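What follows is calculated from the coordinates using simple rules that are stated; it is not laboratory data. Remember, predicted model here, so these are calculated numbers, not experimental data. Every residue, glycine among them, receives a Cβ derived from its backbone with ideal geometry; neighbour counts consider all protein chains shown.
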Ligand SMILES: [Zn+2]
């Protein structure tokens with residue numbers, strides 16, 4: 001069976017061009033292998049909410065919504081609600097939470113320093129969160145507490161939170177586990193977990 005897997009990134013206009021480039025390339029990195037093993041081709045596109053038309057029957061579509069939320073004050077960057085990077089199950093990814101992501105470690109001098117300070121890192125971290133959301137949407141995966149897993153919601157222990165560790169944790173290169181790959185390939189082949197884009 002042939003066909004296309006279309007990942008539509010909505011609301012990402014807030015990001016600049018280098019950030020969008022990094023975002024797309026790391027989403028492609030995470031999906032190209034499984035899409036190709038499912039015998040399909042991958043397309044990642046930016047689209048405005050009202051520009052989506054019904055895709056053809058050979059295309060399975062997944063949507064990620066990028067949301068710009070309120071910017072927290074410096075002292076609030078480490079509070080739980082402000083380090084939530086996405087809304088699991090809905091495909092929403094929070095841009096400001098990524099931008100404001102702080103060290104939040106034990107060192108008071110650097111506690112509120114931002115971590116994702118280049119376009120490449122910001123785009124890569126947004127892609128990792130997007131892949132986590134696509135894991136919910138495509139794989140039907142649950143969150144887990146396994147370190148180094150794309151579906152993990154386990155944070156970095158506070159004593160290990162330096163700027164560098166924190167950056168590597170959120171903007172590092174992530175791969176699916178073999179059993180996740182199998183599940184993703186199976187679902188992409190059947191095309192059953194895709195959905196029609198809703199315009200609202
Ligand atoms: Zn999740």
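Here are some notes:
- Over the Cα atoms of the chain, the radius of gyration divided by the Kirkwood radius equals 0.98; this is the Rg/Rh ratio.
- Seen against the Cα atoms of the chain and their longest principal axis, helix 178-190 is set at about 40 degrees.
- Structure-based [θ]222 nm, the chain - -39500 (n - 2.57) summed over DSSP H runs of at least 4, per residue, nearest 500: -10000 deg cm²/dmol
- Listing 151, 145 from fewest to most neighbouring C-beta atoms within 10 Å gives 145, 151.
- Label sites at residue 69 and residue 56, each approximated as a point 7 angstrom past Cα along Cα to Cβ, lie 3.9 nm apart.
- Angle in degrees between helix 119-134 and the longest Cα principal axis of the chain, rounded to the nearest 10: 50 degrees
- Nearest-ten-degree value, helix 17-37 long axis tilted from longest Cα axis of the chain: 50 degrees
- Cα extents of the range 40-146 along the three principal axes, largest first (Å): 55, 31, 22
- Fewest-first sequence of 129, 2 by Cβ atoms within 10 Å of each Cβ: 2, 129
- Fewest-first ranking of 8, 60, 67, using other Cβ atoms within 10 Å as the exposure measure: 67, 8, 60
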